[in-house]
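Below you'll find the structure, written out as structure tokens, and then a few comments.
The values are calculated or read from the model by the stated rules, or taken from the named source; none is laboratory data. From a predicted model like this one, the values you see are computed outputs, not experimental measurements. Virtual Cβ from ideal backbone geometry, glycine too; neighbours counted across all protein chains shown. Remember, those area values only see protein heavy atoms, side chains included, never the ligands or the DNA or RNA. Shrake-Rupley method; radii C 1.70, N 1.55, O 1.52, S 1.80 Å.
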Amino acid sequence: MQYQRSLGPLQGMAMTVTTFVGTGLMILPAMSVAQAGSFAFYAWLITALIIVPVAFVFAFLGARFPSAGGASHYIGKVLGQKAERAVGWLFLSILLVGPAVAIKVAAAYLAVLLNLSEQSIFLLSIVTLLGMLLFSIAGMKNSANFQSIVVVCLIVTVVVLFLLSGAPMSSNIIAQPSSWPELGSMLLATGTIFWCFLGIEVMAHMGAEFKNPNRDFPIALLGGIVIVVLLYLATVLMIAEHKVFGDEFINSQSLALLVGTLLGEQAQRWFAVGAYIIAFSNVGAYILGFARMVQSMAQQRALPQYFAMLSKQGTPIRAVSFVGGVCLMSLLYIELFGTQMEWLIEMTNGAFLLIYLLTCLTAIKTLNDSLRWVAVLASISCLIMVMFIGQNMLFASIAFALALAWEHLKSHKHPIAEEKIHVQ
């Protein structure tokens, strides 16, 4: 398949920004300030520095080996088909912890809009999930363009708010850690902040679409990441200055509370509408993406073929229902056991981080000599982030180990079928 080489640096920057700006902007700045206080500013800078080489690894892989399979394909090229399939299972395991976070964020902004209390979040989460499932089943034509327009509006809102807030830069909201406990709290926040950059594997699909990849892609990637980091830093400073952070409920509504502080209650309600639409469309896209993955795995007989069936409109309705059922169980578990969103975010981060680490390690062998040093640097960056996330890497490690064991067991049970799939 030949990719259409139509992107220039400005379009690439826009795509990079819209990839990373969304639900994360509504909760991560407040969470990072709640965790690290005045050290949050530097926690964001450290996370950005860690992510840059990882982004470039995906960029180089995408430019040289374009594939719809993305990370799992690159890992499979070096570690084999069992590892490739295990990564597919690891991606699917994220369904247990990831979407629930964004659904709860959407529900929190719906609560702002309807002027409801924290006790309403679970019910609003269920209503939001049902709406997202209907949205996914109906199809999502033109949703990418719509989502991009809404994200641009969110970016403009943050810039306007920053100008109205008097560009806060006082020393009480930006401070360097001067002791080990302070450094520890700052580094702990990076484990949460990493969620901002999930989706960086999308960069692998962009590389081959630039008119002049060698010149334009690095400009687009670095420029886009700089813009994203500046937006998040501006939000961090405003949230710290106006003290719109605290517990999970306040953090989930932090941007709306900031708008209310600076522009009044009416503006807060209007902003809540836009924030809900962004979160709704983001998670709707993720749900359909997970459903496509379930449907694909069913076609490959990794899951029951029942989930492989498509509707007349080409929508994997059964797979969407499966994904919805898993999300519902996840929300019920969170409600019953009082699971913290911070914990869910870091488990999601751990799963993606393991995939990124495996991709960067395999890139050391896959990329040519002139680019290998970037893959080595990216692997080191991932290992540093693994230390910051700590015990929350257990979820990803166990999920990947179980997936590998399952694929190994399956290949011994059905060696002939495995050989046929390999030949195909």
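A few comments on the model shown:
- Extreme residue, modelled with the highest pLDDT, among residues of segment 212-222 that are in contact with a Leu (Cβ under 9 Å, 6 or more places away or on another chain) and crowded, with 23+ Cβ neighbours inside 10 Å: ALA220
- When we screen LEU383, LEU371 for residues that are in a helix (DSSP H, G or I) and either more than 21 Å from the chain's Cα centre (by Cα) or among the aromatic types (Phe, Trp, Tyr) (or both), the only hit is LEU371.
- When segment 189-211 is limited to residues that are touching a helix residue (DSSP H, G or I) at 6+ places or on another chain (Cβ under 8 Å) and surrounded by fewer than 19 Cβ atoms within 10 Å (Cβ to Cβ), the one that is modelled with the lowest pLDDT turns out to be HIS205.
- With a requirement of 3 or more residues that are of a type in the set (D, E, K, R) and modelled with pLDDT under 90, the helices (runs of 4 or more DSSP H) lying completely within segment 58-126 that satisfy it span 81-93.
For every residue, the table says whether it meets (1) crowded, with 22+ Cβ neighbours inside 10 Å; (2) in contact with a Leu (Cβ under 6 Å, 6 or more places away or on another chain); (3) without any contact (Cβ under 8 Å) to a residue 60 or more places away in the chain.
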{"residue": "THR19", "(1), (2), (3)": "no, no, no"}
{"residue": "LEU25", "(1), (2), (3)": "yes, no, no"}
{"residue": "ALA30", "(1), (2), (3)": "yes, no, no"}
{"residue": "ALA34", "(1), (2), (3)": "no, no, no"}
{"residue": "TYR42", "(1), (2), (3)": "no, no, no"}
{"residue": "PRO53", "(1), (2), (3)": "no, yes, no"}
{"residue": "VAL57", "(1), (2), (3)": "yes, no, no"}
{"residue": "ALA63", "(1), (2), (3)": "no, no, no"}
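- Residues of segment 335-355 that are part of a helix (DSSP H, G or I), in contact (Cβ under 8 Å) with a residue 60 or more places away in the chain and open to solvent by 10 Å² or more (accessible area, probe 1.4 Å): GLU335, GLU342, MET347, PHE352, LEU354.
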